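> Please see the structure below; I have some questions.
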């Protein structure tokens, strides 16, 4: 890395802090959404999978961005982080959507109580991932 671009701050030296901070922000935002929109004030709801913002997408997006900033996009570490991020976000959009369809059908036909809030729309996952990329950049710059 060119010497002029070397930064020293707590986030640069401890890269794991960036996704940890973004996941905490995500959980707080999710709790606020549940409280304001659905009038439910249970912290445990913010820890559920599904609904927005996506905690796992925020984590991998911000981590991948932090790695890109620190190690550059031509590094093997960035390539690994990017592949993991794509798999996690793909899972949030597609695999868990199918699981939601199955849960919905079983709840209707079997009168069971499977969790239906499992998935995210592609536009939601993309928009929130962009937000967490911005948060990672801001944290790396301070």
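> Which residue pairs have Cβ atoms closer than 7 Å, lie 6 or more positions apart in sequence or on different chains, and pair a first residue in the stretch 12-35 that is outside any helix (DSSP H, G or I) with a second residue that is at pLDDT 85 or above?
Every condition considered, the pairs that remain are 15/66; 15/67; 15/70.
> Also: Of all residues in the stretch 30-51 being surrounded by 17 or more Cβ atoms within 10 Å (Cβ to Cβ) and within 18 Å of residue 89 (Cβ to Cβ), which is modelled with the highest pLDDT?
30
> What do you reckon, is residue 23 buried (at least 16 other Cβ atoms within 10 Å of the Cβ) and either over 17 Å from residue 134 (Cβ atoms) or modelled with pLDDT of 75 or more (or both)? Step through it out loud before you land on a result.
Details: buried (at least 16 other Cβ atoms within 10 Å of the Cβ): yes; either over 17 Å from residue 134 (Cβ atoms) or modelled with pLDDT of 75 or more (or both): yes.
Criteria met by residue 23.
> Only one of these is at pLDDT 75 or above and not in a helix (DSSP H, G or I): 91, 74. Name it.
It is 74.
The values are calculated or read from the model by the stated rules, or taken from the named source; none is laboratory data. It should be emphasised that the depicted structure is a prediction, and the values quoted were computed from it without experimental measurement. Because the Cβ atoms are built from the backbone with ideal geometry, glycine has one as well, and the counts that use them run over all protein chains shown.
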